[in-house]
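Novice: Mind looking over this structure? Questions follow.
Values quoted throughout were computed directly from the atomic coordinates according to the rules given, and no laboratory measurement underlies them. Values in this document were obtained by computation on a predicted structure and should not be read as measured data. Here the Cβ positions follow ideal geometry from the backbone for every residue, glycine too, while neighbour counts run over all protein chains shown.
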Amino acid sequence: MTDGPRWWRGGVLYEVYPWSFADSDGDGVGDLRGAIERLDHVARLGADAVWITPWFPSPMVDGGYDVADYCDIDPKLGSLDQADELIERAHALALKVVIDMVANHSSDQHPWFQEALRAGADDPARHRYVFRPGRGGGVPMVSVKLRRLVLAGSRSRCGAWRGGHRRVVGLGR
């Protein structure tokens, strides 16, 4: 593996689904503490990176891929401080960290989606999502696929997110 911009082409990524990977407190649900405690095993396997599947608050209709808040960690899994600890521990073990942002859709509970439902057809909030006519004259079909998602590591929107490992994600139209 190389450390260049295309390291992932030859790299070994180890998928960590936090909900089931490692349960540190015996409640039957995986958590970040459990993942942190087992990162050394992943490193010993020879992985180059850990791929963290969605760890954001979610109603869990789509296994966590229906994100309700991109700026937090689901409290059943842990906290933002534990997420930072996991990233720091991984880096100390020379593991890169890939976080599955699920930038192409959100939960129907996400504030942006709720705003889009209330907005008029020409409102910019409505244009974040893809809306199309329903079949047979029925209720309009709504896709929770985002047209554009911008997460900034600033204190304005995601104030709890801190540190140099936060990035901006943008989708084209």
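Novice: What order do you get for 21-34, 48-61 when each peptide is scored by the mean count of other beta carbon atoms within 10 Å, highest first?
Specialist: The packing order, highest mean first, is 48-61, 21-34.
Novice: Residues with amide H under 5 Å of His105's amide H, sequence separation 5 or more or different chain, H placed in the peptide plane at 1.01 Å from N; which?
Specialist: Correct list: Leu146.
Novice: Then there's this: Go through the range 76-92 residue by residue and turn each phi into a ³J(HN,Hα) via Karplus (6.51, -1.76, 1.60, θ = phi - 60°); whole Hz please, and just put x for glycine and proline.
Specialist: Calculated HN-Hα couplings, in order: 5, 9, x, 9, 4, 4, 5, 4, 4, 4, 4, 5, 4, 5, 4, 4, 5 Hz.
Novice: Let me ask something else about it. Principal axis lengths of the range 1-98 from Cα atoms, whole Å, largest first?
Specialist: Dimensions of the range 1-98 along the principal axes of its Cα atoms: 38, 26, 21 Å.
Novice: Related question: Which cross-chain or sequence-distant (5 or more) residues have an amide H under 5 Å from the amide H of Glu15, H modelled 1.01 Å from N in plane?
Specialist: For Glu15, the qualifying residues are Trp51.
Novice: Skipping prolines and chain starts, which residues have an amide H placed within reach, meaning under 5 Å, of the one on Lys96, given they are 5 or more residues away or on another chain?
Specialist: Ala49, Val50
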